[in-house]
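Heads up, the thing below is written out as structure tokens.
Coordinate-derived values only; no laboratory data. Keep in mind the model is a prediction, meaning the values are calculated, not measured. All Cβ positions, glycine included, derive from the backbone under ideal geometry; neighbour counts span all protein chains shown.
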Amino acid sequence: MPTLFLEIPKRFNLRRTLYSHGWSELLPFEIDEQNWRLTYVFSGAGLPRPAAATVSQHDESKLKIDVLGGADKLSSKAEAKILRDARHILRLDDDLEEFYRLAASEKDLEWIARTNAGRLVRSPTVFEDLVKTLCTTNCNWAMTKKMTANLVEKLGEPDDSGLRRAFPTAAAMANQPVEFYKNEIRAGYRAPYFKELAEKVAAGALNPEAWLNSDLPTRELRREMKRVKGVGDYAADNLLKLAGRYDGLALDSWLRAQFYRTYNEAKPCEDKLIERHYERFGRWRGLVIWCEMTRRWLDD
DNA sequence: GCGTCCAGGTCTACC
DNA sequence: GGTAGACCTGGACGC
């Protein structure tokens, strides 16, 4: 069972990162809350077959990645692929110094800088994040988990042990008819959205990975994201956050309810009021509201 | 058991 | 650009 090591930035908090939002609960992620470990089934170029690996804290400066099962030794390409994806998932290369300076300047937010919160877990590919984001729209979290699990279990390629599966490729998803997404994935009205998205990505007509390093201003990138069927305001803002752009608030019913409870005596208010409240945080406002509203997750 | 509501929204048609 | 109504699913709730 090969073990890899990954250097971490000085300002990093594995627990806060794993609990940054619900992504760690969606297959092929698995979170072990007792021991604070995250398992993911890595796949793609560099790996001949999917490989499950568990990330945990090794010491103050390193994370440990235990590759589960399979060969005793990985090729250098496979090692590099797993390390690269792990850095991406945990946002190890994100520069949050400006965000921390901003947070530290406000009494109620200084905890963010003190605990090094703010790195939001994401998938190795934007395609996976895009599909998962579609699974969060207009349904409760249990449905999101179920749709994602169905996709992985019914379309994902198994690892060597056969116990775990990777997230399906766009090609695998494109090969399925719309009825498959309705009947097997239980995606309902989202079924044609999955089919259309997978076909476009598999054919090279759409490349969501380019959104990560796009030169487009956020407003235009947001517009481009919304060209994908099923992606509206909330979904685009969520994807922008995962791409490292936090100028959208990604307001959904849950986030709104938290804001009402925190600042408006649990009474609903217009989105404009929420936007005004976070305006002073500029390009970091989406990360500020998210950290503020999810602060108690780890305490609870 | 049955009907209704709602949840980490979006699309389309219409004005 | 703003708004109303339709859209899938499945759990919670009231009767």
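Under 17 Å Cα to Cα from A:Lys145, which lysines show up? Leave out anything in the same chain fewer than 8 places away. Straight-distance partners of A:Lys145: A:Lys132, A:Lys154, A:Lys182. Backbone geometry of the stretch A:193-210 corresponds, through the Karplus equation with coefficients 6.51, -1.76 and 1.60 at θ = phi - 60°, to 3J(HN,Hα) couplings of 5, 4, 4, 5, 4, 4, 4, 5, 5, 5, 7, x, 6, 9, 10, x, 4, 5 Hz, x marking Gly and Pro. What shape does chain A take by its C-alpha gyration tensor, where a ≥ b ≥ c are the square roots of the eigenvalues and a/c under 1.5 counts as rounded, a/b above b/c as prolate, and the rest as oblate? Oblate. Three principal axis extents describe the C-alpha atoms of the stretch A:121-207; from largest down they are 34, 32, 28 Å.
Can you tell me the dipole magnitude for the stretch A:126-242 around its Cα centre, using point charges on the Cβ only (Lys, Arg +1; Asp, Glu -1), in Debye to the nearest 20?
That gives the stretch A:126-242 a dipole magnitude of about 460 debye.
For A:Arg37, the amide hydrogen comes within under 5 Å of the amide hydrogens of A:Asp32, counting only partners 5 or more places away or on other chains and with H modelled in the peptide plane.
Restricting to DSSP H runs of at least four residues, report the calculated mean residue ellipticity at 222 nm for chain A, -39500 (n - 2.57) per run over all residues, nearest 500 deg cm²/dmol.
-12500 deg cm²/dmol, from helical runs alone.
Of the GluC sites (Glu not before Pro) found in the stretch A:1-93, those in coil by DSSP whose Cβ has at most 12 other Cβ atoms within 10 Å are A:Glu33, A:Glu60.
Taken about its Cα centre, the stretch A:3-115 carries a charge dipole of about 300 debye when Lys and Arg each add +1 at the Cβ and Asp and Glu each add -1 at the Cβ. Peptide packing: for A:187-199, A:105-117, the average count of neighbouring Cβ atoms within 10 Å per residue gives the ranking A:187-199, A:105-117, highest mean first. 3J(HN,Hα) along the stretch A:112-125: 5, 5, 5, 9, 6, 7, x, 8, 9, 4, 9, 7, x, 10 Hz, from the Karplus curve 6.51 cos²θ - 1.76 cosθ + 1.60 with θ = phi - 60°, whole Hz, x for Gly and Pro. Counting only aspartates and glutamates at least 8 places from A:Lys62 when in the same chain, those with an alpha carbon closer than 12 Å to its own are A:Glu7. When only the Cβ of Lys, Arg, Asp and Glu is charged (+1, +1, -1, -1), the dipole of chain A relative to its Cα centre reaches about 360 debye.
Counting lysine pairs in the stretch A:212-300 whose alpha carbons fall under 23 angstrom apart, excluding pairs fewer than 8 residues apart on the same chain, gives 4. For A:Gln57, the residues whose modelled amide H falls within less than 5 Å of its own, excluding neighbours fewer than 5 places apart on the same chain, are A:Lys64.
Taking amide H positions as modeled 1.01 Å from N, with prolines and chain starts lacking one, no residue 5 or more places away or on another chain lies under 5 Å from A:Leu92. The string of couplings for the stretch A:159-170 from the Karplus curve (6.51, -1.76, 1.60, θ = phi - 60°) is 7, 4, 6, x, 8, 10, 10, 7, 5, x, 7, 4 Hz, one whole number per residue in order, with x for Gly and Pro. Here's the picture: charge each Lys and Arg Cβ at +1 and each Asp and Glu Cβ at -1 in the stretch A:27-140, and of A:His88, A:His58, A:Leu47 the one pushed furthest to the positive end of that dipole is A:Leu47.
Remark: relative contact order (chain A) = 16 percent; criterion is Cα-Cα distance under 8 angstrom and separation of 6 or more residues.
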